[in-house]
Amino acid sequence: QMMQLGLRPDFLCCRGKEPLDAGARTKLSTFTSVPERAIISIHDVSNIYRVPLMMMEQDLPSMLVQRLRIKPLAKKGRSYDKVSNIVSLAHSKLMKSWTKLADSVDDPESECVIGMVGKYCDQGDAYLSVVKALTHSAISTKQRLRIEWIDASDLEGEDTNDNAAWQRVRSCDGIVVPGGFGSRGFDGKVSAIRYARESKKPFLGVCLGMQAAVIEYARNVLNRPGAHSSELADTDLLEGVEDVVIFMPEGDRERMGGTMRLGARETVLVDDSLARKMYGSDKVMERHRHRYEVNPDVVSDLEDAGLKFVGKNTDESGERMEVVELPQSVHPYFVGAQFHPEFTSRPEKPNALFLGLLQASKQVKLQQQEQKEISDYNY
């Protein structure tokens, strides 16, 4: 059928549960005219990071180089299925690092349970970038990641032992409140953040999650119960007091479309801050996607109360709050970012803020286990 459609592949990658046997390769080659060596078995492996290694074992890089005639490695006058080991990647620094990464996925030291408190939990791909960023950091910290999907709307009731959603929140090693739009579930997110702050549970807020963290602090530490976001409030907010999150000053409320602050922007981090320590640099470039931001008029009050704005961006429209955190003397890991750190995370280089969350979650869990062991021993 492929040939009837005019498709004459050079390679055939066959997905299956078990490796292709010699008989299957021969039959496929006969009916497709693809050389047997160019029929690649893509069978089940222990984790997805082993797939490139599996392809290398079948010498796919050498055949690709020959078929594409990539100089100077390609051999003149040779068919691509007749060359062997003209590309030697197995012992390269890159592949050694990748092999180590794949091995670490199969051999974690512990499990880490992260509560994802959002409003799109029934849509699998809604938080895919955040899940991948968490996965990268879990691999780096040698942990097996398990995500507890918690609908923020289910947290808007009281925190009681009978509330299943709150029981799941309490069972988590760390909490993430990702970005989003709209008012549904917002108070549940605020409640989850309050729990994380007061119980010293490692927490990371992204975009709206960061804004919710600032609102939570204003409501419960500054005693401003009316504190809210101009995007979500049903009533007028008291300027400079309750309007903790505001529409960007340069924004146009009348125009539809093209009003978001998008793309990579520079953030300057304060010395001695946790974010500065995690990034290892005083300036970082991260990607943004928002219309609302923390109101600069309330920043001094929040900082006097202990919430520190350690990342800022100064552009043509003025100073913007980008990263917020509590000092480690107060909380092991309480960080919020206006930007989306998940977009720059990679398997071999996890984003610093997600890595910090997983490191803190692991450390706090170990400390709790040690304290329990001591308590049980003394008892």
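The values are calculated or read from the model by the stated rules, or taken from the named source; none is laboratory data. Small disclaimer: the values here were computed from a predicted structure and weren't measured. Quick reminder, even Gly has a Cβ in these numbers, built from the backbone with ideal geometry, and neighbours come from all protein chains shown. SASA here: full protein model, heavy atoms, side chains in, ligands and nucleic acids out. Shrake-Rupley method; radii C 1.70, N 1.55, O 1.52, S 1.80 Å.
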Before rounding to the nearest 500, sum -39500 (n - 2.57) across all DSSP H runs of length at least 4 in the chain and divide by the residue total; then give [θ] at 222 nm in deg cm²/dmol.
-> -10500 deg cm²/dmol
Please give the helix 93-106 orientation as an angle from the longest Cα principal axis of the chain, in degrees from 0 to 90, rounded to the nearest 10.
-> 70 degrees
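Sort the following peptides by mean Cβ neighbour count (other Cβ atoms within 10 Å, averaged over residues), highest first: 62-68, 299-305.
In decreasing order of mean packing, 62-68, 299-305 become 62-68, 299-305.
Quick one: compute the contact order of region 41-94, relative version, from alpha carbon pairs under 8 angstrom and 6+ residues apart, as a percent.
29 percent
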What is the list of residues in region 50-78 whose amide nitrogen lies under 18 Å from a point 7 angstrom out from the Cα of Ile42, following Cα to Cβ?
-> 50-65
The relative contact order of region 94-233, taking Cα pairs under 8 Å that sit 6 or more residues apart, comes to a percentage of 23 percent
For the chain, fraction of C-alpha pairs farther apart than 33 Å, in % = 44 percent
Here, Glu373 and Leu7, labelled 7 Å along Cα→Cβ, have an inter-label distance in nm of 5.6 nm
Cα long-axis angle, helix 22-32 against the chain (0 to 90 degrees, to the nearest 10) = 90 degrees
From the Cα gyration tensor of region 273-353, with a ≥ b ≥ c the square roots of its eigenvalues, which class applies: rounded if a/c is under 1.5, or else prolate if a/b is larger than b/c, or else oblate?
-> oblate
Dipole-positive endmost among Ser375, Ser229, Met54 within the chain (Cβ charges, Cα centre) | Met54
With R₀ set to 51 angstrom, the calculated FRET efficiency between the beta-carbons of Asp234 and Glu18, to the nearest 0.05, is 0.30
With springs only between Cα atoms under 10 Å, which of Arg69, Arg320, Arg37 fluctuates most in a Gaussian network model of the chain?
-> Arg69
Hey, what does the equivalent ellipsoid look like for region 1-87, semi-axes from the Cα gyration tensor as sqrt of 5 times each eigenvalue, largest first, whole Å?
-> 21, 19, 11
Give me the log10 of I(q) over I(0) for region 39-143 at q = 0.16 Å⁻¹, as the Debye formula computes it from C-alpha points; what are the numbers?
-> -0.84
Can you list the HN-Hα couplings for region 80-86, worked out from phi with the Karplus curve (6.51, -1.76, 1.60; θ = phi - 60°), rounded to whole Hz and with x for Gly and Pro?
-> 5, 8, 9, 8, 8, 6, 7
Quick one: P(r) of region 212-314 from all Cα-Cα pairs, 5 Å bins, percents rounded to integers, in order of increasing distance.
-> 2, 12, 19, 20, 19, 16, 9, 3, 0
So how long is each side of region 309-379 along the principal axes, counting just the alpha-carbon atoms, biggest first, in Å?
-> 62, 30, 11
Excluding ligands, DNA and RNA, the carbon-plus-sulfur percentage of the accessible area of the chain with a 1.4 Å probe reads 49 percent
Hey, how many Å between the Cα centroid of region 211-231 and the Cα centroid of region 1-62?
-> 57 Å
What spacing in nm lies between the two simple spin-label points modelled at Arg170 and Leu53, each 7 Å away from Cα in the Cβ direction?
-> 4.1 nm
Relative contact order of the chain, pairs being alpha-carbon contacts under 8 Å that are 6 or more residues apart, as % | 14 percent
For the chain, the longest principal axis of the Cα atoms and the Cα long axis of helix 352-378 enclose an angle in degrees, to the nearest 10, of 70 degrees
Accessible area per residue, Å², the chain with all protein chains present, probe 1.4 Å = 53 Å²
Mean shadow area of region 88-144 over all directions, Cα convex hull, nm² = 5.0 nm²
